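S.K.: I'd like to ask some things about the structure below.
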There are 8 protein chains.
Amino acid sequence: MPRVALIMGSDSDFPVLKSAVETLKQFGIEVEAHVISAHRTPKRAEEFALGAAGNGIEVIIAAAGKAAHLAGVLAAHTALPVIGVPIKSSAMDGLDSLLSTVQMPDGVPVATVAINGARNAALLAVQMLSLRYDDLYKKLLEYKEEMAVAVERKDAALQEEVAGI
Amino acid sequence: MPRVALIMGSDSDFPVLKSAVETLKQFGIEVEAHVISAHRTPKRAEEFALGAAGNGIEVIIAAAGKAAHLAGVLAAHTALPVIGVPIKSSAMDGLDSLLSTVQMPDGVPVATVAINGARNAALLAVQMLSLRYDDLYKKLLEYKEEMAVAVERKDAALQEEVAGI
Amino acid sequence: MPRVALIMGSDSDFPVLKSAVETLKQFGIEVEAHVISAHRTPKRAEEFALGAAGNGIEVIIAAAGKAAHLAGVLAAHTALPVIGVPIKSSAMDGLDSLLSTVQMPDGVPVATVAINGARNAALLAVQMLSLRYDDLYKKLLEYKEEMAVAVERKDAALQEEVAGI
Amino acid sequence: MPRVALIMGSDSDFPVLKSAVETLKQFGIEVEAHVISAHRTPKRAEEFALGAAGNGIEVIIAAAGKAAHLAGVLAAHTALPVIGVPIKSSAMDGLDSLLSTVQMPDGVPVATVAINGARNAALLAVQMLSLRYDDLYKKLLEYKEEMAVAVERKDAALQEEVAGI
Amino acid sequence: MPRVALIMGSDSDFPVLKSAVETLKQFGIEVEAHVISAHRTPKRAEEFALGAAGNGIEVIIAAAGKAAHLAGVLAAHTALPVIGVPIKSSAMDGLDSLLSTVQMPDGVPVATVAINGARNAALLAVQMLSLRYDDLYKKLLEYKEEMAVAVERKDAALQEEVAGI
Amino acid sequence: MPRVALIMGSDSDFPVLKSAVETLKQFGIEVEAHVISAHRTPKRAEEFALGAAGNGIEVIIAAAGKAAHLAGVLAAHTALPVIGVPIKSSAMDGLDSLLSTVQMPDGVPVATVAINGARNAALLAVQMLSLRYDDLYKKLLEYKEEMAVAVERKDAALQEEVAGI
Amino acid sequence: MPRVALIMGSDSDFPVLKSAVETLKQFGIEVEAHVISAHRTPKRAEEFALGAAGNGIEVIIAAAGKAAHLAGVLAAHTALPVIGVPIKSSAMDGLDSLLSTVQMPDGVPVATVAINGARNAALLAVQMLSLRYDDLYKKLLEYKEEMAVAVERKDAALQEEVAGI
Amino acid sequence: MPRVALIMGSDSDFPVLKSAVETLKQFGIEVEAHVISAHRTPKRAEEFALGAAGNGIEVIIAAAGKAAHLAGVLAAHTALPVIGVPIKSSAMDGLDSLLSTVQMPDGVPVATVAINGARNAALLAVQMLSLRYDDLYKKLLEYKEEMAVAVERKDAALQEEVAGI
């Protein structure tokens, strides 16, 4: 069973990240979630990242706000792919989190998704895992189809609204 | 042999992207490179993305500038992981390319790296592929070690410069 | 009867876009509205754009938020004029949507209006159509006059408020 | 013969705008170009805009930098469609010009293209005119095809470069 | 009696601007307030600006949001000093209004104050008028003293709050 | 007993700054708090800064919003370290306060913390004072440990929440 | 003879400011120029501002870059109108200077012109002085006319260039 | 003898940082300089920070660009004060480095100076050390005086330049 770790810098970010857990479980992926702060528990961050591959983790999702170093710190200590989710905090409308996550120097990439893009972080993890687990690729194609169908249903519903204007 | 496609919106971006090709080849990965524009050759973009998985492509890297839709358009048509490289263009210092690449809506992620971050796009592709090809994981650990050694060598060289002040 | 298509990336954008429908109808223009996502229903987007001219559409208005590719994707597949409305989403205060819509590369323009500028998108469509339908030009001149009168009425009302200070 | 006016706030912007003139002429469109400043020659701006429709102008392109009011000022005085080209000036990397051009209030739209996007302003004018002049629509389809062919030629050329790495 | 005109692009901005009227009246300055839109009533804007000096206006304050052209348009038609107040609107947090107001080209200055800085616009007008009306200069010095006293009173009140922690 | 001054430009900023007072007191540091405006009470600002060292102040924390000159003005008049806290105000999401505080010219540094980062300003003051007061260094190490323990407790609590999904 | 002071935070800004001196002299205004730093020579700044009115200065122009406090500091110590010129420095493209200059708190306005807008600062000073010196108002009207003529001359020159395409 | 460590993320930043070494030496402070990357040599960063206090380091200056995590990573592992210098890199004009350095979460402050503000980082370190080493405080006062004298000398030189216009 494929396994993803979801690390968040603060438990206050969990409401934003819940959809990542749901999406991963929906694809039958085991999720290990932790509150680990790059700045308040740096030892723990290092130990987690160094041990991740050995503990069966295959992809790491890291979410943090402001000077969002968490994804970068984990990526520094592991060769596993690390997905970064910039969390919108109380100032700068998420731009600080985005730039701190994505603008990584040569040698240590972080796969960054949109500000508060928890669901997409999960889907990106699934896409990565589908390179190894063939059934996930099929499930992704189905997921894409369901999304398309949902949009078409909304399109149908819109017709009535517009007709009423 | 693992296989990555590197798609660029304009051939003028190739000098920035050359390091991606070099890095991928250095890891023994086959690279297929193309100039495909999301806006000028949309059919070609669609066909490429739809056929990519069938043609043995496992990861797609897409690089574009300004209203950088290329990575998103490819991701819309494939379930393969798509890595986006925002290219710095003549205005807005790369912010337009970054936001156009990373701020994808729910359902269709693009794994975004830094502005002009071609080498990191390649390394991220290698990390993804290492989920399937075990030897790549070992090579990544070696790469990390070599980077560390290079930094330490620069640290040694710095001592002389500082002593001279 | 002139005909405009209003395409939105998500039905949640409709409250912002309602004024576009109202304005177009006020000018006697037939409106065809759809929810089509550049990323979740890319095939549908392509088919719509390719068929638009043949189906009697003369101008397309496309509204989307975040990495707002919708207008650009439609413009890639049609030679009809495409008007882009950047939708303000939950982060970045609309700057991401604006840059993703307006910063189009050479060859494929999108006529971009203000963030959430739905009414102006409609008026711009009317201006374009007035090149062909002469009566629309007269209606636009009347619309301009009515706007001026409304401002003057507000100016009169202001005098009392200011006198009371 | 269709007719477009190209108005620039300063003659120093002409090098950026030359491609607009070339593109319009390439499509067989008559171009009338003027240096008119919204701030230094406001009377002239008003007279030009008020007389434009009567003088056979069908679309106006207005290009200006910094607090770029030119397009908005012209649009205030005419019901013709006005296309705005934000010019990148010496500070703020074009963001000031872009926001001053695109963020128009309800009632007076400006069809804004990318920063320094002169060629796209011309193409957008052609698209608008194609609503009236059917042959322009055919020429636009050809233009799109030629662009696609040019990209494919560049793609072919790229193969050699990549093979050499 | 000195005389200032306060022009606003929309009556919805009046709540922000009320403090300007109050401050001017507090200094014994006559205020003439108007809703005039640079884009919806351009003729009226021109006439007002051309006639302002002749009608006894000595300083003009102009407040507008988004692509805030009002101050610049008035300044184009008069040699009186024009003070610009960028109004914060629903997107871009006021940056669009600020840049559109302050980034004026050589030859036509607008004296710009802070976003929503209505009171400071009034005080700046008083400072300008004090060049001619000597008593205003004395009143400004008193105003400065009262501000200082008010701050010191707040400082005293703070001591209790801090002591309670 | 070590002594820190906390200066705020406006008493309306006190709710944001309360945590600084609490944190300093928690470390056994005497706090002197004042409302002093760089612009409304410039004399008072100068006198305070000139007298601070003589009055036993060892570190100054200065908090202000918008064109936040307070920290810089105090730093101009004293050789004590000055910590700047940019306060988020009603427009520009704190970017104005941050840039006005941090971008000091050569010769007069301000130690800037995050937007609204009052607690960190206090901790930075404690770190500076720990260079002189050895017991503070030990308390800082304990504080770091307590933070780490708190994060681990939150991590434990998270496990239940995640299990429930 | 009217008198203006031009204060710059650094002599390296003088090349940008030269046009202000030229413009003021062209209008027959006496200019007193000084290098005074708000941060390196705060006493001097205070003394200058406190003495300015008494020394016959009627308007102050202050130019500075980065955390540009100079105009605000002078305005804090005088009731004369202070015009701020934000200087573009080596980072942030002038945004830091602009926000530090314009975003002044209630009570102490700075009349801000464009980034590097030295000539406009001079013209704004002339406009202010024209409230007192009637001949300046006439000269300003002439200046405006000359600007308009210059634009028209450029327009004529443009016709040849465009004809050659 | 007081001791400061200057850590840079890349040796290519040394030209910017040289003035920090010079300034520290000018104040008689011993400088230990190192190239340590938070991402490429994370172990080394941790070891350095953990050992810094024991090795006699009293203040740490950390300089890095882009997603500048270096200062934050060091601050996570030590209770010594850490000064952060955001380095301007090839895109985003230093905004990424600034936000990544300054926007630290509660509990782990970084004393941030201006973009490329190496000299100020050194002066801030001296200010901190002056809390313990009394002679440094005197030297800082002298340094401030010399700066003031230098500005006055430049003011004198300016007079000739201005007279020549």
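The values are calculated or read from the model by the stated rules, or taken from the named source; none is laboratory data. Being a predicted model, the structure only gives us computed values, none of them experimental. In this analysis, Cβ positions are derived from the backbone assuming ideal geometry, glycine residues included, and neighbour counts consider all displayed protein chains. Just the protein is used for accessible areas: all its heavy atoms, side chains included, with ligands, DNA and RNA removed. Shrake-Rupley method; radii C 1.70, N 1.55, O 1.52, S 1.80 Å.
S.K.: Only one of D:L129, D:L136, D:L141 is in a helix (DSSP H, G or I), open to solvent by 10 Å² or more (accessible area, probe 1.4 Å) and within 20 Å of C:V110 (Cβ to Cβ). Can you tell me which?
M.R.: So the residue among D:L129, D:L136, D:L141 that is in a helix (DSSP H, G or I), open to solvent by 10 Å² or more (accessible area, probe 1.4 Å) and within 20 Å of C:V110 (Cβ to Cβ) is D:L141.
S.K.: For F:N116, state whether it is of a type in the set (S, T, N, Q), within 7 Å of another protein chain (Cβ to nearest Cβ) and in contact (Cβ under 8 Å) with a residue 40 or more places away in the chain.
M.R.: Considered against the rule, which asks whether it is of a type in the set (S, T, N, Q), within 7 Å of another protein chain (Cβ to nearest Cβ) and in contact (Cβ under 8 Å) with a residue 40 or more places away in the chain, F:N116 comes out as yes.
S.K.: Can you find a residue in segment H:54-62 that is within 9 Å of chain F (Cβ to nearest Cβ) and not polar (S, T, N, Q)?
M.R.: Among the residues of segment H:54-62, at least one is within 9 Å of chain F (Cβ to nearest Cβ) and not polar (S, T, N, Q), which makes the answer yes.
S.K.: So, in segment G:126-155, exactly how many residues are in contact with a Phe, Trp or Tyr (Cβ under 9 Å, 6 or more places away or on another chain) and under 22 Å from G:I7 (Cα atoms)?
M.R.: Residues flagged as in contact with a Phe, Trp or Tyr (Cβ under 9 Å, 6 or more places away or on another chain) and under 22 Å from G:I7 (Cα atoms) within segment G:126-155 amount to 4.
S.K.: I'd like the full set of residues that are among the β-branched types (V, I, T) and farther than 18 Å from H:A20 by Cβ, limited to segment H:103-132.
M.R.: Listed by number, the list holds a single entry, H:V108.
S.K.: Which condition number in (1) more than 7 Å from chain F (Cβ to nearest Cβ); (2) buried (at least 24 other Cβ atoms within 10 Å of the Cβ); (3) not acidic (D, E) is the one that H:K154 fails?
M.R.: (2)
S.K.: Just one of the numbered conditions (1) within 8 Å of another protein chain (Cβ to nearest Cβ); (2) surrounded by fewer than 24 Cβ atoms within 10 Å (Cβ to Cβ); (3) without any contact (Cβ under 8 Å) to a residue 24 or more places away in the chain is not true of D:H77; which one?
M.R.: All conditions pass for D:H77, except number (3).
S.K.: Of the residues B:E30, B:E47, only one is surrounded by fewer than 21 Cβ atoms within 10 Å (Cβ to Cβ), within 22 Å of B:V108 (Cβ to Cβ), at pLDDT 95 or above and more than 14 Å from chain A (Cβ to nearest Cβ); which?
M.R.: B:E47
S.K.: When you check F:V21 against the structure, is it at pLDDT 95 or above and open to solvent by 20 Å² or more (accessible area, probe 1.4 Å), yes or no?
M.R.: No, not satisfied.
S.K.: For B:Q127, indicate whether it is more than 7 Å from every other protein chain (Cβ to nearest Cβ) and not hydrophobic (A, V, I, L, M, F, W, C).
M.R.: Criteria not met by B:Q127.
S.K.: Separate question: Being open to solvent by 10 Å² or more (accessible area, probe 1.4 Å) and over 26 Å from D:L136 (Cα atoms) is true for just one of C:A148, C:A114, C:A118. Which residue is that?
M.R.: C:A148
S.K.: Going by the conditions given, is B:M104 more than 7 Å from chain A (Cβ to nearest Cβ), over 16 Å from the mean Cα position of the chain (by Cα) and crowded, with 24+ Cβ neighbours inside 10 Å?
M.R.: The answer is no for B:M104.
S.K.: Find the residue count for segment B:91-101, including only residues that are more than 7 Å from every other protein chain (Cβ to nearest Cβ) and surrounded by fewer than 24 Cβ atoms within 10 Å (Cβ to Cβ).
M.R.: 0
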